[in-house]
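Enquirer: Would you mind keeping the following structure in view while I ask a few things?
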Amino acid sequence: MLLQVRASPAFLPSTSSSAPSSSSQAPVPSAFSGKSTRRPVVSLASAPSASRAKARRSVMAAAAAKLKDADALIDSVETFIFDCDGVIWKGDKLIDGVPETLDLLRSKGKRLVFVTNNSTKSRKQYGKKFETLGLSVDEEEIFASSFAAAAYLQSIDFPKDKKVYVIGEEGIQKELELAGFQYLGGPTDGDKKIELKPGYYMEHDKDVGAVVVGFDRYFNYYKVQYGTLCIRENPGCLFIATNRDAVTHLTDAQEWAGGGSMVGAILGSTKQEPLVVGKPSTFMMDYLAKKFGITTSQICMVGDRLDTDILFGQNGGCKTLLVLSGVTSLQTLQSPDNSIQPDFYTNQISDFLTLKAATV
């Protein structure tokens with residue numbers, strides 16, 4: 001079960017008594033008083049935008065429609081939110097037609113936002129990647145799950161005297177540093193090993209109040225044990241996941257195991273569900289809507305994954321467009337086993353340049 005995080009005045013998930021409790025849920029601090037409490041299951045039905053999402057799902061019970069009139073879709077919204085991997089690029093290779101498509105949308109006065117579950121880079125680092133690929137994108141238009149993790153901790157007034165243990169890469173560390181949080185772990189723990197000899201006892205920092213887990217190419221047993229000790233033994237220690245993606249695009253040649261594999265290891269050893277701040281959690285959607293003053297019905301979410309990108313848009317009450325340039329094939333979309341249907345689907349975003357309404 002995926003524990004979704006919704007924004008509220010305190011950006012904390014609801015603790016309504018109507019939600020069932022579970023011993024496998026992540027403990028959260030009670031004002032970080034040192035006492036550990038158990039958070040009830042937070043379902044999207046308890047969230048403010050849930051009624052919008054439910055209404056959209058009832059309308060979208062039919063199979064997704066193939067996009068035929070791009071102009072009609074473009075004119076119907078004010079903002080386009082794009083996933084990056086599989087939509088804008090694959091690995092370090094730009095997908096054909098992307099620059100021209102983004103230029104077209106900007107020429108029509110559309111706001112563009114880029115949201116990625118990849119936590120290996122900070123917003124500034126992603127800005128440099130866009131620049132390297134020849135795309136002009138402002139840092140304020142980029143929202144990575146590394147930033148979402150730091151923003152979530154800020155939203156709950158995570159104490160500055162507490163520390164964050166990072167199972168992940170530099171992007172998470174840079175965003176935590178910019179937000180003023182103390183951290184340890186990250187890539188520097190990638191070379192650490194545990195000498196399993198009789199009587200060995202592994203120490204851990206008792207001031208760690210949160211463990212943030214993201215995609216980590218330096219993942220090892222040391223990090224698993226350290227994160228596990230913090231979550232299980234430090235009262236109120238949060239278990240935060242940037243995402244639970246099964247696969248990712250490290251190169252354009254094949255799919256690679258994603259951040260969900262690292263999160264799954266910690267879930268397995270702690271028996272606690274993580275707080276997910278990346279897609280499909282609506283935390284980032286609420287953050288974006290508040291920051292830009294966007295009405296979610298005026299947003300089109302464009303992505304290549306059904307269970308993250310499209311569900312993210314549906315959970316927020318947005319229009320959704322699936323592109324087949326990433327992980328999802330037409331066969332998967334149209335499979336009887338697939339229950340997530342976008343409003344539209346198309347091959348890639350450059351179809352915006354060519355798809356016009358049929359003339360009579």
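Enquirer: In Å, the Kirkwood hydrodynamic radius of the range 305-357 over pairs of distinct alpha carbons? Provide the component values of the computation, followed by the final result.
Expert: Numbers: mean 1/r = 0.0860 Å⁻¹.
Hydrodynamic radius (Kirkwood, Cα only) of the range 305-357 equals 11.6 Å.
Enquirer: Quick one: pull the percent of accessible area on the range 225-351 belonging to carbon and sulfur, 1.4 Å probe, ligands and nucleic acids left out. Walk me through the intermediate numbers first.
Expert: On the way: 2040 of 4230 Å².
So the carbon and sulfur contribution to the accessible surface is 48 percent.
Enquirer: Using unit Cβ charges (K, R positive; D, E negative) and no other charged atoms, how large, in debye to the nearest 20, is the dipole of the range 258-360 about its Cα centre? Please report the intermediate quantities before stating the final value.
Expert: Numbers: 7 positive and 8 negative charges, 55 e Å.
Using Cβ point charges on Lys, Arg, Asp and Glu, the range 258-360 gives about 260 debye.
Enquirer: Find how many whole Å separate the alpha carbon centroid of the range 205-220 from the alpha carbon centroid of the range 285-360.
Expert: Between the Cα centre of the range 285-360 and that of the range 205-220, the gap is 32 Å.
Enquirer: Listed highest first by mean packing, meaning other Cβ atoms within 10 Å per residue, what order do 227-240, 88-101 come in?
Expert: Details: 227-240: 21.9, 88-101: 17.0.
Packing order, densest peptide first, comes out as 227-240, 88-101.
Enquirer: Just the accessible area per residue of the range 126-190, please: how many Å² with a 1.4 Å probe?
Expert: Values: 2530 Å² over 65 residues.
With the other protein chains kept in place, the range 126-190 gives 39 Å² per residue.
Enquirer: Continuing with the same structure: Which residues among the range 82-124 fall inside the zone where the amide N is under 18 Å from a point 7 Å beyond the Cα of Glu139, along Cα→Cβ?
Expert: Once the point is set 7 Å along Cα→Cβ of Glu139, 113-116, 119-124 turn out to lie under 18 Å by backbone N, inside the range 82-124.
Enquirer: Over all distinct Cα pairs, what is the inverse of the mean 1/r for the range 195-286, reported as the Kirkwood hydrodynamic radius in Å?
Expert: When all Cα pairs of the range 195-286 are included, the Kirkwood radius is 14.4 Å.
Enquirer: Now a separate question. Expressed in whole Å with the largest first, what are the equivalent ellipsoid semi-axes of the range 260-360 derived from the C-alpha gyration tensor as the square root of 5 times each eigenvalue?
Expert: Computed over the range 260-360, the values are 29, 20, 11 Å.
Enquirer: Taking the range 154-217, which trypsin sites (Lys or Arg not before Pro) meet the DSSP loop condition and have no more than 11 other C-beta atoms within 10 Å? Could you put the intermediate results ahead of the total?
Expert: On the way: sites: Lys160, Lys162, Lys163, Lys174, Lys192, Lys193, Lys206, Arg217; in loops: Lys160, Lys162, Lys192, Lys193, Lys206, Arg217.
Here the trypsin sites (Lys or Arg not before Pro) that fit, given the DSSP loop and packing criteria, are Lys160, Lys193.
Enquirer: If one puts a single equal scatterer on every Cα of the range 79-219 and applies the Debye formula without solvent, what log₁₀ I(q)/I(0) results at q = 0.12, 0.20, 0.21 Å⁻¹?
Expert: Once normalised to I(0) and log-transformed, intensities are -0.58, -1.16, -1.23.
The values are calculated or read from the model by the stated rules, or taken from the named source; none is laboratory data. This structure is a prediction, so every number in the text was calculated from the model and none was measured. Neighbour counts run over all protein chains shown; Cβ positions are idealised from the backbone, glycine included. Note: areas computed on protein heavy atoms with side chains; ligands, DNA, RNA excluded. Shrake-Rupley method; radii C 1.70, N 1.55, O 1.52, S 1.80 Å.
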